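Here's the structure we're looking at; comments come further down.
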Amino acid sequence: MSLVSTPYTEVYVKKSFLSGAPNYGKDDTIPGVLVAIRFVFNRAPLYVVWFPTMGAVYDKVDQCAIFDRSETPNEPITMEDIGWWDCVSHHWELTHIKVFTGCAVTLKARTGRETEGIYLWTCDPQGDPERTDYTCAQIWHEHKTKNYFFDEETGVLCCGPNNKMRFVSSSLSPKVLDDAKWLRVYKDADSPQRMTHEWNDFFGRSMSWDYEADKQDS
């Protein structure tokens, strides 16, 4: 696993997630500071939050418990609603892609929930140079950046892979976006007929983890 520091980010965390009885609906929150992300292979990441008023650091906060405001919505928000796919590597790097500063981003999660916000930063999976790496971080068609933002409607922390998101610049993007449904990600140049999730389901519609299955089922 790896621990990656984040920019200083003031957040609010649902109290129930800190007391052993998670409540996915409306809940009381306490203020804190997001300071790091813990990436664990084959599961969703966990978040390290510092609570200055208590002098406490909680290092295993679920993403769906983290908000940018004190009031949380009545409707339940689960991990699948906020768009994270399991970590494909133990090793990650956080970067802020400067050209995306201020960009509006949209994510459609596996549940069909669509969230919008302003780009924060990007995390990218890395291989392990000290040993033979059998993870998906070394397989380019499995390797996708993860991009963070706060949902403007609910305030929950969201994150998704680049192929399930749109990035829109107020100065560079037209008001009506061009059709992007023809874009495909190929498995390799020698076998262009072998495509990934984007074979028939665009922008978050695919429920399959198997890149070959969508083609067979469509």
When every residue in segment 108-123 that is surrounded by 17 or more Cβ atoms within 10 Å (Cβ to Cβ) and at pLDDT below 90 is compared, the one farthest from Asn163 (Cα to Cα) is Arg113
Among the residues that make up segment 64-74, is at least one of them closer than 23 Å to Phe167 by Cα and of a type in the set (A, V, I, L, M)? yes
* Asked: Does at least one position in segment 127-138 carry a residue that is modelled with pLDDT of 80 or more, within 28 Å of Ala36 (Cβ to Cβ) and of a type outside the set (A, V, I, L, M, F, W, C)?
  -> no
Counting only residues that are touching a Cys at 6+ places or on another chain (Cβ under 8 Å) and either assigned to a helix (DSSP H, G or I) or not assigned by TED's automatic domain parsing to the domain that holds Ile37 (or both), segment 50-95 contains a total of 4
Among residues of segment 64-83 being surrounded by fewer than 21 Cβ atoms within 10 Å (Cβ to Cβ) and of a type outside the set (Asp, Glu), the residue nearest to Asp28 (Cα to Cα) is Ser70
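The values are calculated or read from the model by the stated rules, or taken from the named source; none is laboratory data. Note that the coordinates shown come from a computational prediction; the quantities given were computed from them, not determined experimentally. Positions of Cβ are backbone-derived with ideal geometry, glycine not excepted, and every protein chain shown enters the neighbour counts.
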